[in-house]
Amino acid sequence: MPSPQPVIVWFRDDLRLSDHPALHAAVKTGAPVVCLYVLDDSVGRSPGGAARWWLAQSLRALGAAIAVRGGSLVLRRGAAATVIAELAREIGARGVYWNGIAQAPHRAAERQLEAALVRLGVGSQSFPGDLLVPPSAIRNKEGRGLRVYTPFWRRALSLGDPPKPLPAPRQLGPASKIAGDGLESWGLEPSKPDWAEGLRETWTPGESSARERLRDFLKHTARGYVGDRDRPDRDGTSRLSPHLRFGELSPRQVWHAARFAVAEDPALEPGIEKFLSELGWREFCRHLLHDHPDLATENLQTNFDGFPWTRDSKALAAWRRGRTGYPIVDAGLRELWHTGVMHNRVRMVVASFLVKHLLIDWREGEAWFWDTLVDADPGSNPANWQWVAGCGADAAPYFRVFNPVLQGEKFDPDGAYVRRWVPELKNVPAKLIHQPWQATPIELASAGVTLGKTYPQPIVDHARGRERALAAYAQIRRG
């Protein structure tokens, strides 16, 4: 009796077993299931260094979870359409299933794969699994996507709850042994030098860790989320962004878990509503990317195409290293380098400082974040940078220039966040820690600080930087 034809499930940014529509459908066929991940750097943006580290850990976790259920994760590298079609022919697959990604390069790869499979006589099927709402469901009268967040989210909410998450399969019937690459051969993790120690200290990638983090947030953190989310000195955020980025959790899993938490404890509602609006911002950025595939390189507002950006490699290097002389800025950039994330409030301050105080092109900052963030998302990262720069959708006005001293005093009032990440300032009094240049020589000496030696002088004066930014903005307004 011939063995049944297997179904291939193509994993991408959905490295989980729960709420995986393609996997769920494949298992329901009763055929052997081949779980496949293809490393294809030709589709979309190649992940940065920190994201590649996360990807390696997440694939290990996924492989282990599949193995527990009797299956195995096959790893192959190359152009996805070619690799998958070759595997389908090699094993006599009856079909290939995947969860769609609503981004132009990924959709192009899907079309190429569909065409290759048609030539082989192999079926294929795509399933929604990346978003709460498909871009086609939120359009204006001209058929374009919305570029202002509030009406976008209002429209999304009006569509009702997304479908309930699907359970993980209990068993994955083993297909015959299939050759694949060893994960180590892909070189995703740094070795010489190994700069990932801080990432390992901070994170445990994988689906089980993601679900545990979601449970902890809903149980312990959501209640104070409205007030604490802007405080980098507190553990007040969900820290789910990298898990969502790699699809270890689906947005609808997060949605339904949050809604269930409110049903169980109505006092959580203010925090949960704010939290879900942040999930909505992720959705908004993904929809923007769907409509604007060049979001990381082109201004959404074309009047910014003539903006007089400054080329200043020395200032850019100081910013990247967290040596600007502004403690809240430096703390954020050092947190980023060590942990692969930065508190969201601080991200705004840090980004504003680069594009407004230093007049450096937002694309320089976006590229640095892309390489150093474990949660570097192809939609959120460029959309947020364009928002801060004033050239994006629903953007903050360019003339809104964050004062890094006031931001530090408001959101890190005791200086705990700065002391953690800028330890050379740990003995500076709280009233001076966000502007140590205002301290007297005696105060600096007693804190063990020598400005210009142990900690830098500010590389730009706030008032002068603000004036220069407004003058630059006035240029493009006149143009």
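The values are calculated or read from the model by the stated rules, or taken from the named source; none is laboratory data. Since we're looking at a predicted model, the values are computed, not measured. No Cβ is skipped: glycine too gets one built from the backbone with ideal geometry, and neighbour counts run over all protein chains shown.
Observations on the structure shown:
- Subset of the range 25-38 (residues that are of a type outside the set (Phe, Trp, Tyr) and buried (at least 20 other Cβ atoms within 10 Å of the Cβ)): ALA26, VAL27, PRO32, VAL33, VAL34, CYS35, LEU36, VAL38
- LEU172 vs. criteria touching a helix residue (DSSP H, G or I) at 6+ places or on another chain (Cβ under 9 Å), closer than 20 Å to ASN99 by Cβ and without any contact (Cβ under 8 Å) to a residue 60 or more places away in the chain: no
- Scanning the range 287-296 for residues being outside any loop (DSSP other than H, G, I, E, B) and over 11 Å from PHE152 (Cβ atoms) gives a total of 3.
- Boolean, PRO308 is assigned to a loop (DSSP other than H, G, I, E, B) and crowded, with 16+ Cβ neighbours inside 10 Å: no
- Hey, ALA317 small (Gly, Ala, Ser) and not in a helix (DSSP H, G or I) or not: no
- Considering residues of the range 197-225 that are hydrophobic (A, V, I, L, M, F, W, C) and farther than 26 Å from PRO327 by Cβ only, the residue surrounded by the most Cβ atoms within 10 Å (Cβ to Cβ): ALA210
- Candidates ARG323, ARG345 - the one that is of a type in the set (D, E, K, R) and in contact with a Phe, Trp or Tyr (Cβ under 6 Å, 6 or more places away or on another chain): ARG345
- Comparison of ALA383, ALA376 shows that the only residue that is in contact with a helix residue (DSSP H, G or I) (Cβ under 7 Å, 6 or more places away or on another chain) and either outside any helix (DSSP H, G or I) or modelled with pLDDT under 95 (or both) is ALA376.
- Helices (runs of 4 or more DSSP H) fully within the range 393-472 counting 2 or more residues that are of a type in the set (Gly, Ala, Ser): 441-446
- Qualifying residue in the range 118-126 (condition: free of Cβ contacts under 8 Å to residues at least 12 places away in the same chain, over 30 Å from VAL374 (Cβ atoms) and part of a loop (DSSP other than H, G, I, E, B)): yes
- Test: residue in the range 314-321 that is buried (at least 24 other Cβ atoms within 10 Å of the Cβ), out of contact with any Asp or Glu (no Cβ under 8 Å at 6 or more places or on another chain), at pLDDT 95 or above and not assigned by TED's automatic domain parsing to the domain that holds ILE101: yes
- Qualifying residue in the range 410-420 (condition: in contact with a Lys or Arg (Cβ under 7 Å, 6 or more places away or on another chain) and over 24 Å from ASP230 (Cα atoms)): no
- Look at the range 323-340: where a residue is free of Cβ contacts under 8 Å to residues at least 40 places away in the same chain and a partner is assigned to a helix (DSSP H, G or I) and among the polar types (S, T, N, Q), sitting 6+ places away or on another chain with Cβ atoms under 8 Å, you get LEU336/THR372.
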